[in-house]
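Reviewing the structure listed below.
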Amino acid sequence: MDYANLGLKVGLEWHQRLDTHKLFCNCPSEVGALPPSMSVRRKIRASMSELGEFDPAALVEHVRSRDFTYRLSPESACLVELDETPPAPFNIEAVKICLEIALLLKMKPVDEIRCMRKTVIDGSNTTGFQRTMLVATGTPESYIYADGPVGLKSVCLEEESAFIVEAGAEKAEYRLDRLGIPLVEVATLPHITSPNQARKVAERVGAIMRTTGKVQRGIGTIRQDINVSIRNGSRQEIKGVQELELIPLVIEREVERQVSLLKLRDELAKRNVAPLESKIVDVSNVFLATGSKVLRSSLEKHQSILAAKLTGFSGLVGSQIQPGRRFGTELADYARVWGGVEGIFHSDELPGYGITEQEVSKVRTILEVQTSDAFVLVAGPESRARAALEAVLRRANMALSGVPEETRRPLSNGNTAYMRPLPGAARMYPETDIPPFVITAELLKEISSSLPPLPEERLEELVAEHGLSRHLAEQLVSSPMMPLYESITSSSSFDKTIVASTLLNTIPFLRREGMMVERLDAAMLMAVFKEAEKLNLSREEIEEILSMLCREDLDVSSATKKVLSSRMGEEELRKYIEKVVEQNSCMIAEKGKGAIKPLMGFVMKELRGKASGSTVHRILTEEISRRLGAC
Amino acid sequence: MPYSKRVNDLLEANGLKPGDRILVEKQGASYEGFLIPREEVERGDPDCVVIKLDSGYNVGVRIDGSAVVKKLPGSIQLEKFSHPVTTVQDAGLPPISIISTGGTISSRIDYYTGAVATLFSPEEVLQGVPELANIVRIRSAERLFNLYSEDLSPKNWCRLSEKIVAKLLEGDSGILVLHGTDTMHYTAAALSFMIRDLSSPVVLVGAQRSTDRGSRDTDMNLICSSILAGRGEVGEVGICMHGEMDDSYCLFLRGTKVRKMHTSRRDAFRPINDLPIAKIWPDGRIEYINVSVRRGTSKPFSDAVFEEKVAIVKAYPGSPPSLLETLLDKGYRGIVIEGTGLGHVPTEPEEKSMSWLPAVRRGVEMGVIFAVSSQCLYGRTSSQVYRNAILLSKAGAVYLEDMLPEVGYVKLGWLLGHDYDVETVKRLLVTNIAGEIGKRVRADTYLI
């Protein structure tokens, strides 16, 4: 793909949790540690001033909101999160961490921080707004250099939202342990022009945030939002990309999607397709004796099956816009979001799914579908099925003009799915319960005089003082594993190269093998390396222990014992090595003592931790020497 | 707008006023947006101009030697409230009147400055809570005063009582009083005594959360209050607020048996030594639990008087009798004592001069009425159990049964506002007039 030619523009935004207590109260910033023992049910009402813009008939419907249930443990959420008491003045530690990050990024802190309320009505904030504040802005000096300069726009400090447990058309459930955790939000300008550049920028900014040592570690503690547009396409906000590796893929797929949608627009123009009429017909009668399980079960629940014609769309609904996703998938997303239905059926994939040719034919007749037309079927409670089809028609109409602006969520394969329309400028107004915070010259001096070293400075340190190879050190400083590496190596004198390569290579390897590496938390890893230091474990033994910890519910000490106890006895080992030496006699004759290294590698791999490296080396050397002596 | 003089002068020199578009360039950074005034009460740095950036964020930029300020074309109108749409009200629904005294429930904020302004017309109330149009017909809505409830005085209670009676006589099914929550229970008690022969619901309602936020408790409070005011089978004064933290139901709590028990929770108002009168759900259901006076046809009248020289004094270890002496010297006619436990004051402390008894005796001789309540709030006082209480009672103090100290204060002030002799006042203090004295000591009314 020629991204430059396509006019690709990408902006990145990071939301990183800070390692300090909550922003507006003293609750700990911990997610998922405690089971919820309380729950409170609420409704969120529409904003008063916005109501002035609606006509009275619509008002009642507009103000009616879903039922929200908020679950909490009183240990990790308090009356502040329940919106039952005013917020405390914000956590100064959190401000300082943000200022540190801003200064490391060469951005300009504001003189007076003013906390704002940003209206949020989906229930993810109990108050109906998110508290957020601007801490620093970009200047011409604020940029990340990666294949060219990428300007930085802003650093904000805000509260994390509640954790969504379940969401439906009528109600949603949230957990409050996450609400109020401080987040630093860093945003770039849309200067990124290639997927690879995006990855480099993300790596760099992540590394800079982590170098403070004061951001949270682990899955879910950082979320990346990607804004993508191409010329003639439109800006998409892709929210919540968690893995660094996924970023370039998401961008590539999004470009593909926009290019495909533009092709779709052109094809529709060629076919002279006009804006679709909003005509929805009840076709339930066609399916009274249907073999389709989905449709039959709907009818049994006294729901409706509705259909709408997509004039001129024949063959296009089934056209691919991303690998594994068709235009029909986009329509289905709209149906799900706006109607709360499970999905849709469309004519490009019928007959199928238990729906027969005769049934298709009948629907065609009712809708007056020509060969150049397509149609869509939705099953569900009447009003929801109708809302779903209206959304489908809306989306189909948008295809005539190109790519609608949307907020989308990433899928694990790099594709994205529609979440909601791109929001307009959110209403933000002053949070008057929090006084303005003046950033004094003294505070700035205090922070700038104790800034942590930048990743590249740490790199030199790792090579010079830790003895890591430059390659390994480079990987480490940009990795989320860096802070853990520092914790481990500062409290143990175990081989640092093994620590680094275990964290950077072994753990991802185990993940790829399907192991539950999520079980390996920081405390466990530290304990493993303590054992390693005590017992002089080999790299392979460590891998075995980690693998066992992923598979079995053991503590580190028991897992270590288990792995070591399945070690081979010396006699058995010697017999095995004798065989290996026998099998490799030619290589040994050729390389002499030089055969030890490759054979060491081979034997250790085969034994998988059943013997310690030093023992194997000793025996192998003895056997090889014996053989050489014999020749 | 409280900018420092220096900054004010600079803005004026550039022809800048709040709402104008401004650009400030400083040390490489540039801030462009609309100029916002600083808050009235001094906080932060008055040398910082507040700018609303196009992103929506407000930011404070210190104007010092390095800052360059420019006025740009364009401006926004601050403190512009949208005009409510006029609505047709359903003549078939029960008529109520709304009277506003102020408080959070009566206010809304300007989205730019955060400044608080009061709203107030029936259309504005309906605009915020359109469901009311299906529940009641708002016959009239008036702002009687606009005060935070900590600023109210008994004079305000008297005016309110008269206004409510006047409205009821015009034919309302019930009255809604919008009120600040801090002293809403004082007003509720006052109205309970002042409005005589009441036979319709008078419902006081407030808001614990600011009305700008989506989580505001106002709306459900107003909906439930209107349901009760319109068709509740009750002829009493009470407070109607959230019954629990959930947006599930409201409780209608007797005006003489209710207190604000939490600084901020939406279910802050609890019944003390009594059950709620009723439980109301926003879908219209009413569950009657403990009604004393049913809705009827009697015509109410206002007996709005109050003797302002009445005080509440709290007894505590080390509290000196001079607290009472000072009041006596200032000509106070009634003192409600918030005693400890069953209703005790320092009586026989080691330091004899710290006993309250001599001051009480002296006051009684002067014709001052001492009424004893308990700072425990829950439970009944007793002048019979302990020697100290017996002595206090013998000295002439009246024990207020299970009345709240605040209610005792309101009742005593109201009684003394009449032309009654001391013995009559003392007798009426312990006569149940508006549900302020419980007949029984129920086992199920503690911490509910």
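Values as computed for the structure displayed
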{"item": "Spatially proximal lysines relative to A:Lys445 (Cα-Cα < 29 Å; intrachain offsets below 8 disregarded)", "result": "A:Lys22, A:Lys96, A:Lys106, A:Lys108, A:Lys153, A:Lys214, B:Lys5, B:Lys26, B:Lys52"}
{"item": "Positive-pole candidate from A:Leu549, A:Gln475, A:Met133, dipole of the protein assembly as shown, charges at beta carbon", "result": "A:Leu549"}
{"item": "Reachable lysines, given that their alpha-carbon falls under 20 Å from the alpha-carbon of A:Lys279 and they are not under 8 places away in the same chain", "result": "A:Lys309, A:Lys362"}
{"item": "All Cα pairs of the range A:536-629, percent lying beyond 17 Å", "result": "50 percent"}
{"item": "Cα→Cβ-extended label distance, 7 Å offset, between B:Gln27 and A:Lys579, nm", "result": "7.3 nm"}
{"item": "Alpha carbon centroid spacing (whole Å) that separates the range B:135-165 from the range B:218-242", "result": "16 Å"}
{"item": "Measure of compaction for the range A:332-437 (Cα Rg per 2.2 N^0.38 Å)", "result": "1.49"}
{"item": "With eigenvalues of the C-alpha gyration tensor scaled by 5 and rooted, the range A:73-207, Å", "result": "31, 19, 12"}
{"item": "Selection from A:Ala162, A:Leu246, A:Leu276, by position along the positive dipole direction of chain A (Cβ)", "result": "A:Leu276"}
{"item": "Separation in nanometres of the label points that stand 7 Å from Cα toward Cβ, at A:His471 and A:Ala589", "result": "3.4 nm"}
{"item": "At least 10 Å² of accessible area lost relative to the chain alone, listed for the range B:46-65 with a 1.4 Å probe", "result": "B:Cys48, B:Val50, B:Lys52, B:Leu53, B:Ser55, B:Gly56, B:Tyr57, B:Asn58, B:Val59, B:Gly60, B:Arg62"}
{"item": "Value of Rg/Rh across the range A:443-571 [Cα atoms, Kirkwood radius]", "result": "1.05"}
{"item": "Alpha-carbon gyration tensor eigenvalues x 5, square-rooted, for the range B:1-40, Å", "result": "17, 12, 11"}
{"item": "Distance (nanometres) between label positions extended 7 Å along Cα→Cβ at A:Glu277 and A:Asp555", "result": "7.5 nm"}
{"item": "Percent carbon-and-sulfur accessible area, the range A:537-631, ignoring ligands, DNA and RNA, probe 1.4 Å", "result": "52 percent"}
{"item": "Interface burial for A against B (accessible surface, 1.4 Å probe, total of both chains, Å², rounded to 100)", "result": "4600 Å²"}
{"item": "Per-residue HN-Hα couplings for the range A:503-518 [Karplus 6.51, -1.76, 1.60; θ = phi - 60°; Hz; x = Gly/Pro]", "result": "5, 8, 10, 4, 5, x, 4, 4, 4, 5, 6, x, 7, 7, 5, 4"}
{"item": "Interface residues in the range A:80-110 - accessible area drops by 40 Å² or more relative to the isolated chain, probe 1.4 Å", "result": "A:Asp83, A:Glu84, A:Lys108"}
{"item": "Positive-end residue, the protein assembly as shown charge dipole about Cα centroid, Cβ charges, pick of A:Ser383, A:Ala335, A:Asn415", "result": "A:Ser383"}
{"item": "Solvent-accessible area, 1.4 Å probe, carbon plus sulfur percent, for the range B:306-448", "result": "52 percent"}
{"item": "Principal axis dimensions, largest first and in whole angstrom, of the range B:188-320 by Cα", "result": "53, 39, 27"}
{"item": "Fraction of beta bridges assigned by DSSP in chain A that are antiparallel (%, nearest 5)", "result": "90 percent"}
{"item": "Hydrodynamic radius by Kirkwood, which averages 1/r over all alpha carbon pairs of the range B:248-308, in angstrom", "result": "13.9 Å"}
{"item": "10 Å binning of all Cα-Cα separations within chain A, expressed as whole percents from 0 upward", "result": "3, 13, 19, 21, 18, 13, 9, 4, 1, 0, 0"}
{"item": "Rounded to the nearest 20 debye, dipole of the range B:303-418 from Cβ charges on Lys, Arg, Asp, Glu", "result": "200 debye"}
{"item": "Solvent exposure ordering (accessible area, 1.4 Å, most first) of A:Thr85, A:Thr188", "result": "A:Thr85, A:Thr188"}
{"item": "Two-site FRET efficiency, A:Asp266 against A:Asn196, from Cβ-Cβ distance with R₀ of 25 Å, rounded to 0.05", "result": "0.30"}
{"item": "DSSP bridge pairs, the protein assembly as shown: antiparallel proportion in percent, nearest 5", "result": "75 percent"}
{"item": "For the range A:100-155: Kirkwood Rh in Å [reciprocal of mean 1/r, alpha carbons]", "result": "13.0 Å"}
{"item": "Degrees, to the nearest 10: B:184-194 long Cα axis against longest axis of chain B", "result": "50 degrees"}
{"item": "Protein-only accessible surface order, largest first, of B:Lys279, A:Lys9 at 1.4 Å", "result": "A:Lys9, B:Lys279"}
{"item": "Cα-based convex hull volume of the range A:194-237 per residue, rounded to whole Å³", "result": "80 Å³"}
{"item": "Exposure of A:Leu34 as accessible area (Å², to 10), given a probe of 1.4 Å and all protein chains", "result": "70 Å²"}
{"item": "Solvent-accessible area per residue for the protein assembly as shown (1.4 angstrom probe, square angstrom)", "result": "42 Å²"}
{"item": "Hydrodynamic radius (Kirkwood) for the range A:198-333, which is based on Cα pairs only, to one decimal in Å", "result": "19.0 Å"}
{"item": "Segment A:Leu444-A:Glu342, length gained on full extension (0.36 nm per residue, minus Cα span)", "result": "31.4 nm"}
{"item": "Qualifying GluC sites (Glu not before Pro) for the range B:1-85 [loop in DSSP, other Cβ within 10 Å: at most 13]", "result": "B:Glu40, B:Glu42"}
{"item": "Difference of contour (0.36 nm per residue) and Cα-Cα distance, A:Lys362 to A:Ala88", "result": "92.2 nm"}
{"item": "Per principal axis, descending, Cα span of the protein assembly as shown in whole Å", "result": "130, 87, 72"}
{"item": "Accessible surface of A:Asp282 - all protein chains present, 1.4 Å probe, nearest 10 Å²", "result": "80 Å²"}
{"item": "Convex hull volume of chain B per residue (C-alpha atoms, cubic angstrom)", "result": "187 Å³"}
{"item": "With DNA, RNA and ligands ignored, accessible area of B:Phe34 (1.4 Å probe; Å², nearest 10)", "result": "40 Å²"}
{"item": "Extended-chain gain in nm, criterion 0.36 nm per residue less alpha-carbon gap, B:Tyr316 and B:His262", "result": "17.3 nm"}
{"item": "Estimated D of the range A:275-367 in µm² per second, where Rh is the Kirkwood radius over Cα pairs and Stokes-Einstein applies at 10 °C, 1.306 mPa s", "result": "113 µm²/s"}
{"item": "Along principal axes, Cα extents of the range B:54-202, largest first, whole Å", "result": "72, 37, 18"}
{"item": "Accessible surface, 1.4 Å probe, highest first, among residues A:Ile121, A:Ile164", "result": "A:Ile121, A:Ile164"}
{"item": "Centre separation in Å (Cα based) which lies between the range A:257-321 and the range B:28-53", "result": "53 Å"}
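The values are calculated or read from the model by the stated rules, or taken from the named source; none is laboratory data. Everything numeric in this text was worked out from a predicted model, so none of it was measured. Every residue, glycine as well, gets a Cβ built from its backbone with ideal geometry; the counts of neighbours run over all protein chains shown. We work out accessible area using only protein heavy atoms, side chains counted, and drop any ligands, DNA or RNA first. Shrake-Rupley method; radii C 1.70, N 1.55, O 1.52, S 1.80 Å.
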